[in-house]
Amino acid sequence: MAFNGKLEIPTIDAPSSDVKTIEEAAQLSLDWEMKVTDEINALLKLASNEGDHITENFLSWFLDEQLEELSTMNKLLKVAKRAGDNELAVEEFMARHRGQQQSNNTNADG
């Protein structure tokens, strides 16, 4: 079977490097994760419309991961808002979260 389609991969804009606060960085991260989720949902809808159940199943894994990322970024944004200028509070949250992830990965592997 021959396929004569044309593949075009659009460029990805560089991330903003001009953030002034942790809260702004967290908001940008949350916005990005929401955009990624929307794009995965669009692919899932396309797969569903095409009756491609294997791809639907494959994409559902990514949606599960996105749910975790959205939750983490939402928590980070809330912490950053509460912390204000206290950057150490945000660092502490990140350290605890990283520790929880490592613990969960160890438990899942063992």
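Which is under 14 Å from the mean Cα position of the chain (by Cα) and at pLDDT 90 or above, of Lys75, Lys81? Don't jump to the end; show me each part of the working.
Values: Lys81 fails: under 14 Å from the mean Cα position of the chain (by Cα).
Among Lys75, Lys81, only Lys75 is under 14 Å from the mean Cα position of the chain (by Cα) and at pLDDT 90 or above.
Consider only pairs whose beta carbons are under 7 Å apart and that are at least six residues apart or on different chains; among these, list those whose first residue lies in the stretch 17-35 and is under 16 Å from Leu63 (Cα atoms) and in a helix (DSSP H, G or I) and whose second residue is of a type in the set (A, V, I, L, M, F, W, C) and modelled with pLDDT of 90 or more.
Leu30/Met73; Leu30/Leu77; Glu33/Leu70; Glu33/Met73; Met34/Leu70
Which of the residues spanning the stretch 60-89 are charged (D, E, K, R) and surrounded by 16 or more Cβ atoms within 10 Å (Cβ to Cβ)?
As a first pass, look at the stretch 60-89 and keep what is charged (D, E, K, R): 64-65, 68-69, 75, 78, 81-82, 85, 87.
Glu69 - this is the single residue of the stretch 60-89 that is charged (D, E, K, R) and surrounded by 16 or more Cβ atoms within 10 Å (Cβ to Cβ).
Just to be sure, is Glu68 at pLDDT below 95 and in a helix (DSSP H, G or I)?
Details: at pLDDT below 95: yes; in a helix (DSSP H, G or I): yes.
It is true that Glu68 is at pLDDT below 95 and in a helix (DSSP H, G or I).
The values are calculated or read from the model by the stated rules, or taken from the named source; none is laboratory data. On a predicted model such as this, the values are computed, not experimentally measured, just so you know. As a convention, Cβ positions derive from the backbone with ideal geometry for all residues, glycine included, and neighbour counts pool all protein chains shown.
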